[in-house]
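Undergrad: I'd like to ask you about the structure that follows.
FYI, it's all coordinate maths here, none of it is from the lab. In this text, all values refer to a predicted model and were calculated from it rather than measured experimentally. Neighbour counts run over all protein chains shown; Cβ positions are idealised from the backbone, glycine included.
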Amino acid sequence: MLRLDVLLLCVSALLAAALVFSGCGQDTSGIEGTVNIDASPDSIEAPWSLFGGGDTYSGSGDATLSKRKNGDYTITWIACPGWVTPVSETKTLEAEEEITFLGTYLLEPAGTGSIVIDPGPDYLDAAWDLTGPASFAYGGHGDTVFTAMEAGDYTVDWGKESGWLTPSPDPDTRTLSGGDTLVFEGVYSDDLEITVPEMIDVSPGSFVMGDGEALCGYKLRSTTLTKNFRLGKFEITNAQYIEALEWAFDNAYIIASVDHVLDSLDDTMVELIDLDDPGCEIAYDGGGDFFIRDAGHGINPDHPVIEVTWYGAARYCDWLSLYEGLPRAYDHDGDWVCNGGDPYSAEGYRLPTEAEWEYAARFNDQRIYPWGNDSPTCAHANFGECNNWTVETGTLSDGISALGFHNMGGNLSEWCNDWWEVCGIDTNAVTDPAGPASGVYRLLRGGCWFYTDFADEIRCARRLHVYPTDSYEYYGFRICRTGGGPTPGL
């Protein structure tokens, strides 16, 4: 039989062994030391990262890390714009000793600058490639700063990340000047999609603008368009506009409330769509989601969007451009100039010039109405007392134009790119007319469901003008873009 005192002695020995094995109560004196970090100048509070003893430490400025395990430690100094970054360094910490990492940041040499790569969101740690002068090339990921960089042109190519839309533009090229800091900021957005509306190719050509009778389009002017262009087959719908709004909101290009949507890409804060108008069929829930509401005529995703200002139409075009990685056409401050005053050379999406709109509608026999010269009926166009509201785009097949465009007569008056100048157009022959460089009113074409009590109001040559900030239940738009192939059959 085992004696009690022997049993207690065995248990005590086992417990002591367990404590030693687990490290509890273990004497660690003699296997630790101190790591000092001295970053200068003190004024910049330079950031750093330290790895050693199986751990990673991050901080900025001067620091003292005591009771660190013995072994090798490596410090990485983080770049600060305007300063040359010290090189990384490795030192060995011995028992009960101290090591000091001294990092001295020097001002960048004259004629050089800094480059900041800032993809977001940060947790994505997105990949990228940077190229520049003298065959400079570097591939990295996440936030990075380059210092003492030679002045010149640099290009960032953003990496593709599964489930995310790549920042625009991509690639992004910018110029670094000596003494400056160049920031490449790329925002990856959730993989929301924008469906680019169907478009029809239109070949260049000549026609007579004006028909001798239309309101403000009675004068005749020989007009030549020298470039292929593509024009939206239909007016932009509620569903299409909401899709773009969701994408723009996700990319912080707009500011939304239950009352309106404001442009924020260039800090212009102009209203794009008047959500609190009783007739508006688009609404915002206050939490990031837009939806189609019943404004008294049902839920109409495929009806053309209404209550959109000229700015809201132009902005939609720019959203498409940004989505596809194209240069946006509009300068969103001042007069919102399209491509420096030359819309015909713009690469991105835009609104059609009034010359392009009329040329496409009357192609190619100078017709009075988009469908021909027959007097309009409710089978041709939505006007007068036909419906007393918008109709779904793509309906009223009797009113289709020679090139296949729908609803160019009636339904909605459509915003064009041009500023308004006078009612009667200049009769001198013109090539690629872009309208006045500035103005008070913007042009609309095509008549609408509300005011078109008379057939003359939906003539192709009729011209209308209103303030670009106006938004009503009878204004809409279709998109345009320079380029494309020849018109089929020509």
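Undergrad: Give, rounded to the nearest 20 debye, the magnitude of the charge dipole that the chain has about its Cα centre when Lys and Arg contribute +1 at Cβ and Asp and Glu contribute -1 at Cβ.
TA: 1120 debye
Undergrad: Give me the distance in nm between label points sitting 7 Å out from Cα along the Cα-to-Cβ direction at GLU150 and THR104, one decimal.
TA: Here the answer is 2.7 nm between the modelled labels.
Undergrad: About its Cα centre, what dipole magnitude does the range 324-405 give when the only charges are +1 on Lys and Arg Cβ and -1 on Asp and Glu Cβ, stated in debye to the nearest 20?
TA: 200 debye
Undergrad: Kindly put LEU322, LEU50 in sequence by how many other C-beta atoms sit within 10 Å of each C-beta, fewest to most.
TA: Neighbour counts put them in this order, fewest first: LEU50, LEU322.
Undergrad: Residue separation times 0.36 nm, minus the C-alpha to C-alpha distance between SER43 and ASP426: what's the value?
TA: 131.3 nm
Undergrad: Roughly what angle does helix 310-323 make with the longest principal axis of the chain, taking Cα atoms, 0 to 90 degrees, to the nearest 10?
TA: Approximately 50 degrees, to the nearest ten.
Undergrad: Taking the 0 to 90 degree range and rounding to the nearest ten, how far is the long axis of helix 4-22 tilted relative to the main principal axis of the chain, both from C-alpha atoms?
TA: Helix 4-22 sits roughly 50 degrees off the main axis of the chain.
Undergrad: Working from Cα positions, state the angle (0 to 90°, nearest 10) between the long axis of helix 238-250 and the longest principal axis of the chain.
TA: Approximately 30 degrees, to the nearest 10.
Undergrad: Let me ask you something else. When MET269, MET149 are ordered from fewest to most other Cβ atoms inside 10 Å of their Cβ, what list results?
TA: MET269, MET149
Undergrad: While we're here: Rounded to the nearest Å, what's the spacing between the alpha carbon centres of the range 421-490 and the range 389-418? Just the number, please.
TA: After rounding, the separation between the Cα centres reads 13 Å.
Undergrad: If I take every Cα pair under 8 Å that is 6 or more residues apart in the chain, average their sequence separation and divide by the length, what percent do I get for the relative contact order?
TA: Answer for the chain is 13 percent.
Undergrad: Report, in deg cm²/dmol and to the nearest 500, the calculated mean residue ellipticity at 222 nm for the chain, where each DSSP H run with n ≥ 4 adds -39500 (n - 2.57) and the sum is divided by the residue count.
TA: One gets -3500 deg cm²/dmol as the mean residue ellipticity at 222 nm.
Undergrad: If you don't mind, another one. Cross-link partners among lysines for LYS91, C-alpha distance below 28 Å, same-chain residues fewer than 8 apart left out?
TA: LYS67, LYS69
Undergrad: Something else about it: Could you give the nm distance between label points at ASP250 and TYR138, where each point is 7 Å from its Cα heading toward the beta carbon?
TA: Here the modelled spin labels are 3.2 nm apart.
Undergrad: Still on this model: So for the chain, taking the charge dipole from beta-carbon charges (+1 Lys/Arg, -1 Asp/Glu), which of LEU320, ILE200, GLY372 sits furthest toward the positive end?
TA: After comparing all options, I get GLY372.
Undergrad: So if I place +1 on the C-beta of Lys and Arg and -1 on the C-beta of Asp and Glu, and nothing else carries charge, what would the dipole magnitude of the range 199-482 be about its Cα centre? I want it in debye, nearest 20.
TA: About 1140 debye.
Undergrad: Applying 1/(1 + (r/R0)^6) with R0 = 30 Å to the Cβ-Cβ distance of ALA379 and TYR441, what FRET efficiency is obtained, to the nearest 0.05?
TA: The computed FRET efficiency comes out at 0.35.
Undergrad: On to the next question. Put +1 on the Cβ of every Lys and Arg and -1 on every Asp and Glu Cβ in the range 112-190; which of SER135, PRO121, PHE146 then has its Cα farthest towards the positive end of the dipole?
TA: Working it through, the farthest residue towards the positive pole turns out to be SER135.
Undergrad: If you count the DSSP beta bridges with both ends in the range 112-190, what percent of them are antiparallel, to the nearest 5?
TA: Antiparallel bridges: around 75 percent, rounded to the nearest 5.
Undergrad: Give the separation of the Cα centroids, the range 92-128 to the range 246-301, in Å.
TA: 43 Å
Undergrad: For the chain, give me the percentage of DSSP beta bridges that are antiparallel, rounded to the nearest 5 percent.
TA: 80 percent
Undergrad: Suppose R0 equals 56 Å; then what is the FRET efficiency for ASP335 and ALA95 from their Cβ-Cβ distance, rounded to the nearest 0.05?
TA: With a Förster radius of 56 Å, E is 0.15.
Undergrad: Excluding residues on the same chain fewer than 8 positions from LYS219, give the lysines whose Cα lies under 25 Å from its Cα.
TA: Straight-line reach from LYS219, under 25 Å: LYS227.
Undergrad: Right, another one. Using 0.36 nm per residue of separation minus the Cα-Cα distance, give me the extension gain between SER206 and THR175 in nm, one decimal.
TA: Stretched fully, the SER206-THR175 segment lengthens by 7.0 nm.
Undergrad: Rule-of-thumb check for the chain: C-alpha Rg over 2.2 N^0.38 Å?
TA: Compared with the compact-globule rule of thumb, the chain sits at 1.44.
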